[in-house]
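As structure tokens, the structure follows; a few thoughts come after it.
The values are calculated or read from the model by the stated rules, or taken from the named source; none is laboratory data. Computed from a predicted structure; not experimentally measured. Backbone-built Cβ (ideal geometry, glycine too); neighbour counts: all protein chains shown.
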Amino acid sequence: MFGEVGFEAASIEQIALRAEVARGTFYLYFPDKLSVFQDLMERVFGPIEEAFADTTTALADCSDGPAVFGAYQAMATQIAIIGLGHHEEILVAFREARQPGAAGEWLRARERVLIEQAVAFTEDVAGRGLLSVSNPRVACLVVYGAVERLFYEVLTGHDLGDPASLSADVLGLFATAMGFGADPPTA
């Protein structure tokens with residue numbers, strides 16, 4: 001229902017009907033509509049938070065540029081797999097994050113947490129001299145925004161070309177944005 005009509009327009013009655021349960025049964029599991037929305041969005045945010053935690057751990061162990069790039073590359077792969085496995089939830093999140101109200105506020109708060117984590121681990125590797133970027137926050141915001149837009153394009157059926165070429169292009173742009181230079185480092 002959230003995908004069809006949006007969070008605000010979806011009623012508990014519609015959600016219960018779609019789930020083939022009585023309205024009272026809905027309330028056995030969720031106190032309100034926002035709770036069911038959050039539960040659905042956790043299917044995406046939980047695994048992404050795990051990917052960010054894995055990246056934080058991996059970057060803490062890095063001692064050179066190729067290892068740092070590999071850690072970011074592993075995170076990108078994890079996020080791509082998560083995103084493609086949760087097509088509908090991601091599209092709902094894209095739409096609702098731009099809306100006023102409780103669902104949009106909740107999504108924006110979750111997004112800010114992820115951005116702060118990315119900034120923190122990027123500042124860490126930059127502070128250790130393993131990344132050459134003058135402003136880690138700006139670099140993270142640029143990469144985050146670009147990745148979000150690419151996901152949107154892919155999930156809404158736009159042909160961005162051969163996936164292998166797209167991946168190579170994205171990695172090259174990422175390498176430049178994050179201070180690795182035009183060519184991604186290799187181990």
Fill in the blank from the handout: Subset of region 41-85, residues within 13 Å of the chain's Cα centre (by Cα) and hydroxyl-bearing (Ser, Thr, Tyr), comes to Thr77
Practice task
Looking only at region 98-112, decide whether some residue is farther than 30 Å from Ala177 by Cβ and not in a helix (DSSP H, G or I).
Solution key: yes
Handout entry: Looking only at region 113-127, and only at residues there that are in contact (Cβ under 8 Å) with a residue 60 or more places away in the chain and either of a type outside the set (Val, Ile, Thr) or outside any helix (DSSP H, G or I) (or both), the one that is farthest from Glu50 (Cα to Cα)
Key = Asp124
Practice task
Starting from region 55-80, take each residue that is without any contact (Cβ under 8 Å) to a residue 60 or more places away in the chain and over 19 Å from Ala168 (Cβ atoms) and list its partners that are small (Gly, Ala, Ser) and surrounded by 19 or more Cβ atoms within 10 Å (Cβ to Cβ), counting only C-beta distances under 6 angstrom and pairs at least six apart or across chains.
Solution key: Ala58/Ala71
Handout entry: Residues of region 48-81 satisfying the condition of being within 15 Å of Leu114 (Cα to Cα) and either modelled with pLDDT under 95 or surrounded by 17 or more Cβ atoms within 10 Å (Cβ to Cβ) (or both)
Key = Ile48, Ala51, Phe52, Thr55, Tyr72, Met75, Ala76, Gln78, Ile79
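Taking Ser167, is it among the hydroxyl-bearing types (Ser, Thr, Tyr) and not in a helix (DSSP H, G or I)?
Details: among the hydroxyl-bearing types (Ser, Thr, Tyr): yes; not in a helix (DSSP H, G or I): no.
Spelling it out, it is not the case that Ser167 is among the hydroxyl-bearing types (Ser, Thr, Tyr) and not in a helix (DSSP H, G or I).
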Problem - Flag if Ala10 is buried (at least 16 other Cβ atoms within 10 Å of the Cβ) and outside any helix (DSSP H, G or I) - result: yes
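Residue-wise test of (1) at pLDDT below 95; (2) small (Gly, Ala, Ser).
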{"residue": "Gly3", "(1), (2)": "yes, yes"}
{"residue": "Ile12", "(1), (2)": "no, no"}
{"residue": "Asp32", "(1), (2)": "no, no"}
{"residue": "Ser35", "(1), (2)": "no, yes"}
Exercise for the section: Within region 122-180, work out how many residues are surrounded by 14 or more Cβ atoms within 10 Å (Cβ to Cβ), of a type in the set (Val, Ile, Thr) and within 27 Å of Arg98 (Cα to Cα). Expected result: 6
Exercise for the section: Hey, can you tell me all the residues within region 13-47 that are part of a helix (DSSP H, G or I), surrounded by 13 or more Cβ atoms within 10 Å (Cβ to Cβ) and among the aliphatic types (A, V, I, L, M)? Expected result: Ile15, Ala16, Leu17, Ala19, Leu34, Val36, Leu40, Met41, Val44
Problem - Residues located in region 126-140, provided they are farther than 23 Å from Ile81 by Cβ and hydrophobic (A, V, I, L, M, F, W, C) - result: Ala126, Leu130, Leu131, Val133, Val138, Ala139
